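These notes concern the structure reproduced below.
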Amino acid sequence: DLQAAQRSARRTPRFPRVVVASGTSAHKQIWIEELAPAVAELLRRHPQLQLDLLGELRLPLALLPFAERIRCHPFSDYATYVQRLGEADIGLAALEPGLHTDAKSAIRWMEFSLCGLASVLSPTTYTELLEDGVHARFARGIGQWLEAVEQLLADPSGRRAMAQRAQQHAKELFGTHQ
């Protein structure tokens with residue numbers, strides 16, 4: 001399903017779409033305290049920005065004023081999940097720091113990248129595989145999340161170039177030859 005969903009970064013002009021996906025409620029605290037407030041501020045600053053929440057994510061109070069621009073999709077089959085990822089331009093993955101998180105795989109970045117998205121990620125396991133500003137952006141704290149996403153929104157061609165580099169890197173790391 002993931003191979004079938006692979007596409008190049010979007011080139012057509014349209015309203016940008018951000019996606020946040022989580023398969024568990026384990027990262028609820030960072031979502032509520034850090035990422036959701038940053039996303040709310042981005043939605044306030046960019047009236048055309050849209051958001052998709054996939055999986056185990058609830059709409060926090062900070063995002064309620066923007067509910068008309070947010071699509072919430074609970075769990076689905078994997079083909080539908082990767083199709084929904086591919087509708088976005090930027091993928092966000094926030095993880096709390098810690099031993100468990102540092103041992104997690106880079107699967108969310110791999111999914112984002114193979115689906116043609118640029119990514120902003122917590123600086124965890126990803127830092128061993130990815131170069132900041134080349135394959136993804138790293139953020140910790142509301143201010144860094146805002147800055148990283150703002151840079152990607154302000155530079156669509158740079159965002160597409162990052163997504164293309166990330167996709168190539170993901171294929172090298174996780175392709176069928178592996």
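Worth pointing out:
- Any hit, the range 52-59, residues being over 17 Å from the mean Cα position of the chain (by Cα) and open to solvent by 10 Å² or more (accessible area, probe 1.4 Å): no
- Test: residue in the range 103-112 that is modelled with pLDDT of 95 or more, in contact with a helix residue (DSSP H, G or I) (Cβ under 6 Å, 6 or more places away or on another chain) and not in a loop (DSSP other than H, G, I, E, B): no
- In the range 28-54, the residues that are β-branched (Val, Ile, Thr) reach residues that are open to solvent by 10 Å² or more (accessible area, probe 1.4 Å) with C-beta atoms within less than 7 angstrom, at least six apart or across chains, in these pairs: Ile30/Ala94; Ile30/Leu95; Ile30/Glu96; Ile32/Pro60.
Here's the yes/no breakdown for (1) at pLDDT 95 or above; (2) among the hydrophobic types (A, V, I, L, M, F, W, C); (3) out of contact with any Asp or Glu (no Cβ under 6 Å at 6 or more places or on another chain):
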{"site": "Pro65", "(1), (2), (3)": "yes, no, yes"}
{"site": "Arg69", "(1), (2), (3)": "yes, no, yes"}
{"site": "Ser76", "(1), (2), (3)": "no, no, yes"}
{"site": "Gly116", "(1), (2), (3)": "no, no, yes"}
{"site": "Val120", "(1), (2), (3)": "yes, yes, yes"}
{"site": "Glu131", "(1), (2), (3)": "no, no, yes"}
{"site": "Gln167", "(1), (2), (3)": "no, no, yes"}
{"site": "Phe174", "(1), (2), (3)": "no, yes, yes"}
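- Residue in the range 34-51 that is most open to solvent (accessible area, probe 1.4 Å), counting only those that are in a loop (DSSP other than H, G, I, E, B) and within 26 Å of Gln164 (Cα to Cα): Gln48
- Checked against (1) surrounded by 20 or more Cβ atoms within 10 Å (Cβ to Cβ); (2) polar (S, T, N, Q); (3) in a helix (DSSP H, G or I), Thr124 passes all but a single condition, namely (3).
- Among the residues of the range 77-99, those identified as touching a residue at least 12 places away in the same chain (Cβ under 8 Å), more than 15 Å from Leu42 (Cα to Cα), part of a loop (DSSP other than H, G, I, E, B) and open to solvent by less than 50 Å² (accessible area, probe 1.4 Å) are Gly86, Ala88, Ala94, Leu95, Glu96.
The values are calculated or read from the model by the stated rules, or taken from the named source; none is laboratory data. Note that this is a predicted model, so its numbers are computed, not measured. A quick note on method: Cβ atoms are made from the backbone with ideal geometry, for glycine too, and the neighbour counts reach across all protein chains shown. Keep in mind that these areas ignore ligands, DNA and RNA; they rest on the heavy atoms of the full protein, side chains included. Shrake-Rupley method; radii C 1.70, N 1.55, O 1.52, S 1.80 Å.
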